[in-house]
Amino acid sequence: MVARHDQTTDPALLDALLQARRGTAFFARKLNELSDAELDGGTLLPGWTRRHVVAHVGYNARAIARLIEWAATGVETPMYPSPEARNHEIDFGSTLSPIALRHLFDHSAVHLNVEWRDLPADAWHHKVKTAQGRIVPAEETVWMRTREVWMHAVDLDNGATFSDIPVPVLERLLRDITSAWHTRGTDTGLLVKVDGTDLAFGDVGAADPTTVTGPLPAVVQWAAGRGSHGVTATGPGTTEGSPAAPKWI
């Protein structure tokens, strides 16, 4: 049998696909380390068990695959019928038996990978709509999935940390998060800096900002609302530790 390969030859897109696939493999490893009983355990996401995280990541792959189908055929296929349907799907998935939940993750990941692989090169530029209503080229789905698998591998609370996430992914995550803050106007008076770099985000023109600094993994962890260990804060309102990060999703 002849091996099948990605139809795109765009080097940047191929690199992005590799990062997404590595993230999927990392999530799979952290999931497979858990016993069936441990799937009932808590996560870094309030109110969600590991079952919820696995169900979300599995159904997210199916949702993104629908966008790739849209890009390939031109027939509109939304990620989800509605936000309520998405939430119901996750809640339902969390009740599956352990073997069914694991199969959901495995099979949906393979399905998405095949859809990516078989998408014609020119179709990667076709426009689709995200669950948040953004109109984006199909190639944006690769980042959408990359973000999900790497971050939620940490959320499983099974030993993975933000330090396990590749630097390019962390840097883009931080840009995404701080851009969302800026769009909503929630970064006023807040300056975020990464140790040892020129990276600075937030209200860079503030006269007396609250400044949060730390290594890149710690800063992204804080910005993503997963804890403030490893970051320091100076300026107004920091007498009792690092301020809570603004909401970003």
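The values are calculated or read from the model by the stated rules, or taken from the named source; none is laboratory data. Just so you know, these numbers come straight off a predicted model, no measurement behind them. Here the Cβ positions follow ideal geometry from the backbone for every residue, glycine too, while neighbour counts run over all protein chains shown. The accessibility values were calculated without ligands, DNA or RNA, using every heavy atom of the protein model including side chains. Shrake-Rupley method; radii C 1.70, N 1.55, O 1.52, S 1.80 Å.
Computed values, structure above
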quantity	calculated
Of all residues making up region 67-79, the number that are open to solvent by less than 70 Å² (accessible area, probe 1.4 Å) and in contact with a strand residue (DSSP E or B) (Cβ under 9 Å, 6 or more places away or on another chain)	7
Members of region 38-52 found to be assigned to a helix (DSSP H, G or I) and either touching a residue at least 12 places away in the same chain (Cβ under 8 Å) or surrounded by 14 or more Cβ atoms within 10 Å (Cβ to Cβ) (or both), listed by number	Glu38, Leu39, Arg50, Arg51, His52
Looking only at region 143-162, and only at residues there that are part of a loop (DSSP other than H, G, I, E, B) and of a type in the set (A, V, I, L, M), the one that is surrounded by the most Cβ atoms within 10 Å (Cβ to Cβ)	Leu156
Single residue of region 91-140 satisfying the filter (more than 28 Å from Gly42 (Cα to Cα) and among the β-branched types (Val, Ile, Thr)) that is most open to solvent (accessible area, probe 1.4 Å)	Ile135
Inter-residue pairs, beta-carbon under 8 Å, first among the polar types (S, T, N, Q) and in region 7-24, second loosely packed, with under 13 Cβ neighbours inside 10 Å and in a helix (DSSP H, G or I), 6+ apart	Gln7/Ala121; Thr8/Ala121; Thr9/Ala121; Gln19/Pro168
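Yes/no per residue for (1) touching a Lys or Arg at 6+ places or on another chain (Cβ under 9 Å); (2) over 13 Å from Val220 (Cα atoms):
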{"site": "Pro137", "(1), (2)": "yes, yes"}
{"site": "Val142", "(1), (2)": "no, yes"}
{"site": "Leu174", "(1), (2)": "no, no"}
{"site": "Thr188", "(1), (2)": "no, yes"}
{"site": "Leu199", "(1), (2)": "yes, no"}
{"site": "Gly205", "(1), (2)": "no, yes"}
